[in-house]
Amino acid sequence: MAESPTILVIGPRWVGDMVMAQCLFSALKELHPNAAIDVLAPAWAAPLVKRMPEIRQQIDFPLKPGALEFTHRRRFGRLLRGRYDMAYVLPGSWKSALIPFFARIPRRFGHLREMRYGLLTDVVPLPEALKRRTAQAYFSLARGGSFRAPHLTVDAGNQATLLHRFGLTRQGFVALMPGAEFGPAKRWPSESYAGLAREFMGKGLKVALFGSKNDRAVTAEIAALAPGAVDLAGQTRLEDAIDLIAAARLAVSNDSGLMHVAAGVGTPIVAVYGSTSPDNTPPLAERRELVWLHLSCSPCHQKVCPLGHLNCLKTLGVGQVAAAADRLLELPTAA
C-alpha cells in the first residue's frame, strides 16, 4: 500500500448521510495520514464537503438519482483510470459500485448489499445490528481507526454577516428545523412547532426556522401561528445554514439532515422521532435530548404512516419537547 494513497469515496445522496460519512473520512485519515481523499457526490453536497478538513476535493456526481445510466457510468469511470489506489462505496446499490469498477481502482471496499461480487474487491461484513445504524456502518468500511463524531468547520466571517442580515445574535436564538425530505412520517406537526416557538419567545429567545425551498409551506404555516419567528426557509445556502445553526443556543429538529448538521457544529440538539428510531441515526452530539414515544407501531421506517393516524408524532406534546429543551438550556421547567 502506498504511503500516500489516493482514495475515492462514492458518497451518499442525503445531507444527513453525508454528515455521518465523516465518521469514515476521519478514520481513513487516521489510518492513512498522508492520503488524498476525494468524494464523488451530487453537486449540492459541495458546501458541506468543504467543511470537512479530511477531504481534498469533491467530484460532482453527473447522474440523476435512481438512474442506472450504465453507459454514462462506464464512460465516467474510464475518465478516472489511474487516479486512485482505493475506493470506498457508501451507497448499497449495485450501480453505485460501477464507477470504481470501470475506473479499475485496485482496491474497492463496500458492503455486499445487492450481491456486488466482482464489482468490489474487498467485501466488508455488515452485521444485522448495523444495517440501519448509518454512521457505524460507514465507519466499519475503514476496518480500523477510531470512531469519531462528525465535526464541521464554521466560517466565522460568513456567520457574522448572516447574523447581522437576519437580525440574530450569537446564542440569542433557537433554531427550529421542522422539515424532513424523507416524508411526512418524520415531521412533527406544524402547530406543535409553533407552540414550542411561542414558548421559546416567551422566555426571551428569538426563534429562526430553517429549511430548503421545499419546506417553505411548512415554515410559513409555523411563522403564521408563531408571530415573531424568523422564517429563513429557502433564503439560505447550505453553507449559510451550517454557519447560522452553529450560532444558535439550541436546535430542535425532526430526524433530518439539518439535525446532523446541528450535531456536527456542536449545537445542543433536541431530536424528535416518529417513524424512525433514535437507536439507529441519533445526532452524534455531546449535548442532546432524544424525544420518542416508543409506540408499538414505531419505528415503521415508512415515508407516510401506514396506519393513517401518525400517532407517533401527533400525540407527542409540546410540553414533552419543551422539557427536553429546558434541560439543555438549563432553564427551569414550567410546573
Just checking, which of Glu128, Glu114 is among the charged types (D, E, K, R), surrounded by fewer than 16 Cβ atoms within 10 Å (Cβ to Cβ) and within 24 Å of Gly77 (Cβ to Cβ)?
Glu114
Residues within the range 75-97 that are open to solvent by 60 Å² or more (accessible area, probe 1.4 Å) and within 19 Å of Met115 (Cα to Cα), tallied:
1
For the range 200-214, what are the residues that are within 20 Å of Ala248 (Cα to Cα) and either in contact with a Leu (Cβ under 7 Å, 6 or more places away or on another chain) or assigned to a helix (DSSP H, G or I) (or both)?
Phe200, Met201, Gly202, Lys203, Lys206, Val207, Ala208, Leu209, Phe210
Answer with yes or no whether Leu40 is open to solvent by less than 40 Å² (accessible area, probe 1.4 Å) and assigned to a helix (DSSP H, G or I).
no
Out of Ala180, Ala197, Ala137, report the one residue that is surrounded by 16 or more Cβ atoms within 10 Å (Cβ to Cβ) and part of a loop (DSSP other than H, G, I, E, B).
Ala180
Can you tell me which residue within the range 301-326, out of those that are open to solvent by 40 Å² or more (accessible area, probe 1.4 Å) and hydrophobic (A, V, I, L, M, F, W, C), is farthest from the chain's Cα centre (by Cα)?
Leu307
List pairs: first residue in the range 273-295 and closer than 20 Å to Glu128 by Cα, second residue polar (S, T, N, Q) and surrounded by fewer than 19 Cβ atoms within 10 Å (Cβ to Cβ) anywhere in the structure, Cβ distance under 9 angstrom, at least six positions apart or on different chains.
Ser275/Gln302
If you check every pair at least six apart or on different chains, which have Cβ atoms under 9 Å apart with a residue in the range 143-163 that is in a loop (DSSP other than H, G, I, E, B) first and a residue that is at pLDDT below 95 and exposed (fewer than 14 other Cβ atoms within 10 Å of the Cβ) second?
Ala149/Glu286
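The values are calculated or read from the model by the stated rules, or taken from the named source; none is laboratory data. Computed from a predicted model, the values in this text were never measured in an experiment. Don't worry about glycine lacking a Cβ; one is built from the backbone with ideal geometry, like all the others, and counts go over all protein chains shown. Only protein heavy atoms, including side chains, enter the accessible area calculation; ligands, DNA and RNA are left aside. Shrake-Rupley method; radii C 1.70, N 1.55, O 1.52, S 1.80 Å.
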